[in-house]
Amino acid sequence: MELDLNDRVALVTASSGGIGLHIAIALAKEGAVVVVNGRSGNSVENACDEIRKSCPSANILPLVADLSVLEGFETAVSTHPHVDILVNNLGIYEAVDFFETTDEQWRHLFEVNVISGVRLSRHYLKTMLDQNWGRMVFISSESAINPAPEMAHYSATKTTQLSISRGLAELTKGTSVTVNAVLPGSTKTDSVAKFIQEVFPDEEYENAERRFMQENRPTSLIQRLIQPSEIAALVAFVCSPQASAINGAALRVDGGIVRSVF
């Protein structure tokens with residue numbers, strides 16, 4: 001399917017690695033001009049090299065900025081005052097006992113996972129509405145509707161993203177702008193794969209992943225970690241003109257972990 005994204009400018013936050021990098025690759029392959037973001041020049045340069053390996057014709061614009069803070073936001077909007085597509089992918093997580101989680105840890109996760117996207121959306125949604133075309137996607141998590149007790153603060157930020165996404169979608173009524181959320185399940189990023197190997201150090205990785213899914217994600221229907229490229233494929237479609245009827249949605253790509261028909 002042709003996604004018709006040629007020359008659309010797409011900012012993917014935190015796209016120097018993980019799911020964000022794969023989203024950047026998917027959009028570049030569809031002809032979008034991709035703004036690749038990371039906090040250091042080396043990480044952004046390495047990500048651009050990875051994208052060009054997958055897509056030699058990629059049109060890439062580097063953005064070195066910490067978008068979790070106001071200064072990084074100001075760098076982004078001054079360098080790229082207008083984008084057609086915004087993927088709010090920036091996010092962090094940590095497993096902490098609820099009773100030991102400090103106020104500062106709660107504030108920090110909300111600053112990074114929520115406020116960063118609010119700042120960017122407040123700026124870019126207006127320009128999208130002015131031109132009557134745009135795509136905004138929040139990368140949330142299945143934890144938004146399936147909260148993890150060991151990550152109560154993280155889960156809360158992801159639920160908040162769903163509310164923000166739907167609320168912003170209401171502002172697009174009658175336009176060609178859409179705002180949606182994508183909810184990945186457990187995904188095979190480098191950090192997750194390393195964590196699983198550390199949990200089962202005596203197992204070959206394939207067996208370790210299988211045990212992890214059976215013991216820790218028993219409701220998963222695919223019984224494996226999701227590939228980042230699988231998340232990216234859905235995001236690229238949602239960003240395309242072909243997905244013009246999808247607006248205000250929370251789209252699960254969780255491997256069936258969440259036992260719900262809604």
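The values are calculated or read from the model by the stated rules, or taken from the named source; none is laboratory data. Nothing here was measured: the structure is a model prediction, and the numbers come from that model. So basically every Cβ, Gly included, is an ideal-geometry build from the backbone, and we count neighbours across all protein chains shown.
Is it true that GLY167 is in a loop (DSSP other than H, G, I, E, B) and either β-branched (Val, Ile, Thr) or over 15 Å from ILE92 (Cβ atoms) (or both)? Criteria not met by GLY167.
Say whether the condition of being touching a residue at least 12 places away in the same chain (Cβ under 8 Å) and within 21 Å of LEU21 (Cα to Cα) is met by at least one residue in region 93-102. Don't jump to the end; show me each part of the working.
Initially, region 93-102 is screened for residues touching a residue at least 12 places away in the same chain (Cβ under 8 Å), giving 93-98, 101.
So of that shortlist, the ones also within 21 Å of LEU21 (Cα to Cα) come out as 93-94.
Yes - at least one qualifying residue is present in region 93-102.
Residue under question is TYR124, and the condition is that it be farther than 21 Å from ALA10 by Cβ, in the same structural domain as LEU67 (by TED's automatic domain parsing), of a type in the set (Phe, Trp, Tyr) and part of a helix (DSSP H, G or I); does it hold? Taking the combined requirement at face value, the residue does not satisfy it. Within region 145-164, the set of residues being under 14 Å from the mean Cα position of the chain (by Cα) and not in a helix (DSSP H, G or I) is empty.
If we scan region 91-109, do we find a residue that is surrounded by 23 or more Cβ atoms within 10 Å (Cβ to Cβ), more than 30 Å from GLY256 (Cβ to Cβ) and assigned by TED's automatic domain parsing to the domain that holds ALA24? The answer is no, given that none of the residues of region 91-109 is surrounded by 23 or more Cβ atoms within 10 Å (Cβ to Cβ), more than 30 Å from GLY256 (Cβ to Cβ) and assigned by TED's automatic domain parsing to the domain that holds ALA24.
Going through VAL64, VAL35 one at a time, which residue ends up being without any contact (Cβ under 8 Å) to a residue 40 or more places away in the chain and over 17 Å from PRO228 (Cβ atoms)?
Values: VAL35 fails: without any contact (Cβ under 8 Å) to a residue 40 or more places away in the chain.
Going through VAL64, VAL35 in turn, just one is without any contact (Cβ under 8 Å) to a residue 40 or more places away in the chain and over 17 Å from PRO228 (Cβ atoms): VAL64.
Candidates are the residues of region 130-144 that are more than 14 Å from the chain's Cα centre (by Cα) and outside any helix (DSSP H, G or I); the one that is surrounded by the fewest Cβ atoms within 10 Å (Cβ to Cβ) is ASN132. The residue that is surrounded by the most Cβ atoms within 10 Å (Cβ to Cβ), counting only those in region 251-261 that are in contact with a Ser or Thr (Cβ under 7 Å, 6 or more places away or on another chain) and of a type in the set (Gly, Ala, Ser), is GLY255.
Would you point out the residue of region 41-75, among those that are more than 20 Å from GLY91 (Cα to Cα) and among the small types (Gly, Ala, Ser), that is surrounded by the fewest Cβ atoms within 10 Å (Cβ to Cβ)? Taking the candidates together, the pick is SER57.
Where in region 6-95 are there strands (runs of 3 or more DSSP E), lying wholly inside it, with at least 1 residues that are closer than 30 Å to PRO149 by Cα and at pLDDT 95 or above? Outline the logic, then answer.
Numbers: elements: 9-12, 33-38, 59-64, 85-88.
By residue number, 9-12, 33-38, 85-88.
For region 132-155, the set of residues classified as free of Cβ contacts under 8 Å to residues at least 40 places away in the same chain and over 20 Å from SER220 (Cα atoms) is empty. In this structure, is LEU109 outside any helix (DSSP H, G or I) and in contact (Cβ under 8 Å) with a residue 40 or more places away in the chain? So LEU109 fails the test.
Would you confirm, using the coordinates I've provided, whether GLY174 is modelled with pLDDT of 95 or more and either among the β-branched types (Val, Ile, Thr) or surrounded by fewer than 18 Cβ atoms within 10 Å (Cβ to Cβ) (or both)?
Working: modelled with pLDDT of 95 or more: yes; either among the β-branched types (Val, Ile, Thr) or surrounded by fewer than 18 Cβ atoms within 10 Å (Cβ to Cβ) (or both): yes.
So GLY174 passes the test.
Determine which member of the set LEU221, LEU171 is in the same structural domain as GLN105 (by TED's automatic domain parsing) and either hydrophobic (A, V, I, L, M, F, W, C) or on the phi > 0 side of the Ramachandran plot (or both). Please lay out each step first, then the result.
Numbers: LEU221 fails: in the same structural domain as GLN105 (by TED's automatic domain parsing).
Going through LEU221, LEU171 in turn, the sole match is LEU171.
Only one of these is within 25 Å of LYS173 (Cβ to Cβ) and out of contact with any Cys (no Cβ under 7 Å at 6 or more places or on another chain): HIS108, HIS123. Name it. Even if it seems obvious, please write down each step before you answer.
Numbers: HIS108 fails: within 25 Å of LYS173 (Cβ to Cβ).
On inspection, the qualifying residue turns out to be HIS123.
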